[in-house]
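**Q** This structure is in structure tokens; I'll ask about it shortly.
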Amino acid sequence: MEFNIFIVEDDQPLFEALQTGLEAWAFRVTKPDDFNEVMRSFLDQEPHLVIMDITLPKFDGFHWCREIRSVSEVPIIFLSSRDHPLDMVMALNMGADDFIQKPFHTNVLYAKVQAILRRTYAYGETQADTLEWNGALIDLKRGVIRKSAEEADLTKNELFLLISLVKSNNSVISRHDLI
């Protein structure tokens, strides 16, 4: 599985350095098309992890973290030169998974990215590669659902929702639990 890392960083040389390093680790790297439209780009890209600066044009990283958290539980790592403990606490309380202060060692960032992705996507509640439901087979590794001769690819969000619904055993799942 190729993981998509969405980097929200307005410092172009830093973005390019992160992109080069992450691509060397076989990650796909994307960024917002426009810093006024971070959320639209996030929804279009469907990343597996977000790396975000706090100080950005128009809206800050805290704003975008809130927006992302309103629709997704994708892991978020803040990467910022802010060094006040309150900024770190605020980032983590808003839903960030980690806060790395600039300047930083790139190998530490890459190790944290790998650890978060491993915990989030490899050690999930399901140990099986497939789930079966009403005659349909859901391939969890490939993100595909098959029934009879038909097969459909699922987005990351569709797969998450489908797994949640199948595991609910016909119980109601609240919007809050899905987010």
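**Q** Would you please name the residue that is surrounded by the fewest Cβ atoms within 10 Å (Cβ to Cβ), looking only at residues in the stretch 163-179 that are more than 18 Å from Leu43 (Cα to Cα) and touching a residue at least 12 places away in the same chain (Cβ under 8 Å)?
**A** The selected residue is Asp177.
**Q** Would you mind stating whether Met52 is surrounded by 14 or more Cβ atoms within 10 Å (Cβ to Cβ), touching a helix residue (DSSP H, G or I) at 6+ places or on another chain (Cβ under 6 Å) and over 18 Å from Val108 (Cα atoms)?
**A** Against the criterion (surrounded by 14 or more Cβ atoms within 10 Å (Cβ to Cβ), touching a helix residue (DSSP H, G or I) at 6+ places or on another chain (Cβ under 6 Å) and over 18 Å from Val108 (Cα atoms)), Met52 does not qualify.
Each row is one residue, and each column tells you yes or no for (1) surrounded by 13 or more Cβ atoms within 10 Å (Cβ to Cβ); (2) touching an Asp or Glu at 6+ places or on another chain (Cβ under 7 Å); (3) touching a residue at least 40 places away in the same chain (Cβ under 8 Å); (4) of a type in the set (Lys, Arg).
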residue: His84; (1), (2), (3), (4): no, no, no, no
residue: Val89; (1), (2), (3), (4): no, no, no, no
residue: Asn93; (1), (2), (3), (4): no, no, no, no
residue: Asp98; (1), (2), (3), (4): yes, no, no, no
residue: Phe104; (1), (2), (3), (4): yes, no, no, no
residue: Val108; (1), (2), (3), (4): no, no, no, no
residue: Arg119; (1), (2), (3), (4): no, no, no, yes
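**Q** Further question: Does any residue of the stretch 20-28 turn out to be in contact with a Ser or Thr (Cβ under 8 Å, 6 or more places away or on another chain), modelled with pLDDT under 95 and farther than 24 Å from Met94 by Cα?
**A** Looking through the stretch 20-28, at least one residue is in contact with a Ser or Thr (Cβ under 8 Å, 6 or more places away or on another chain), modelled with pLDDT under 95 and farther than 24 Å from Met94 by Cα.
**Q** Ok, one more. Quick check on my filter: what residues within the stretch 1-43 are closer than 20 Å to Glu158 by Cα and either part of a loop (DSSP other than H, G, I, E, B) or among the β-branched types (Val, Ile, Thr) (or both)?
**A** Met1, Glu2, Phe3, Ile5
**Q** Continuing with the same structure: Can you find a residue that is exposed (fewer than 11 other Cβ atoms within 10 Å of the Cβ), of a type in the set (Lys, Arg), in contact (Cβ under 8 Å) with a residue 40 or more places away in the chain and not assigned by TED's automatic domain parsing to the domain that holds Glu46 anywhere in the stretch 131-149?
**A** yes
**Q** Can you name the condition, by its number, that Ser80 falls short on among (1) within 22 Å of Gln19 (Cβ to Cβ); (2) exposed (fewer than 14 other Cβ atoms within 10 Å of the Cβ)?
**A** For Ser80, the failing item is (2).
**Q** I've got another one for you. Taking the stretch 156-179 on its own, how many of its residues are of a type in the set (A, V, I, L, M, F, W, C), part of a helix (DSSP H, G or I) and farther than 16 Å from Ile138 by Cα?
**A** The total comes to 1.
**Q** Same structure again: For a quick check of your reading: which strands (runs of 3 or more DSSP E) sit entirely within the stretch 60-145 and have at least 1 residues that are farther than 20 Å from Val50 by Cβ and out of contact with any strand residue (DSSP E or B) (no Cβ under 8 Å at 6 or more places or on another chain)?
**A** 130-133
**Q** Another question, then. Inside the stretch 32-44, can you point out the residues that are touching a Phe, Trp or Tyr at 6+ places or on another chain (Cβ under 9 Å) and modelled with pLDDT of 90 or more?
**A** Pro32, Val38, Met39, Ser41, Phe42, listed by residue number.
The values are calculated or read from the model by the stated rules, or taken from the named source; none is laboratory data. From a predicted model like this one, the values you see are computed outputs, not experimental measurements. Virtual Cβ from ideal backbone geometry, glycine too; neighbours counted across all protein chains shown.
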